[in-house]
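Q: Before I ask anything, let me first share the structure, which is written out below as structure tokens.
Values in this text are rule-based calculations from the coordinates and carry no lab data. Because the structure is a prediction, the values reported are computed rather than measured. Every residue, glycine as well, gets a Cβ built from its backbone with ideal geometry; the counts of neighbours run over all protein chains shown.
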């Protein structure tokens, strides 16, 4: 799995971290791999990038799946990075804001499951 610009072992340029540029990076990667049309799945902070791919490169996107994130136009646009108090391991800061250990039920079979 390749890293996004500025993450992991990639170069750390001073700019280009906007969703439009990151979407262009993904489309360029898919083209280099020989894919002219493809499905896109964006979840959590990857959702705005997936949405930008679909909006800016609709001729390349066969289908779009977004999850665990608010949709542009349907709810306020959240920042990509939030204070650590909202980024707790209980789950998404957008949908489950209960503190860790306060009634969070995990799906059966999941690590740390209480079900």
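Q: Quick check on packing: order 22-29, 50-57, 33-40, 10-17 by the mean number of other C-beta atoms within 10 Å, highest mean leading.
A: 50-57, 22-29, 33-40, 10-17
Q: So how much slack lies between residue 4 and residue 63, counting 0.36 nm per residue of separation and subtracting their Cα-Cα distance, in nm?
A: Extending this stretch completely gives an extra 19.1 nm.
Q: For residue 18 and residue 37 in one chain, what is 0.36 nm times their gap in residues minus the Cα-Cα distance, to one decimal in nm?
A: Details: separation 19, 0.36 × 19 = 6.84 nm, distance 2.27 nm.
Fully extending the segment from residue 18 to residue 37 adds 4.6 nm.
Q: Could you please rank 47, 30, placing first whichever residue has the fewest other Cβ atoms within 10 Å of its Cβ?
A: Going from least to most buried by this count: 30, 47.
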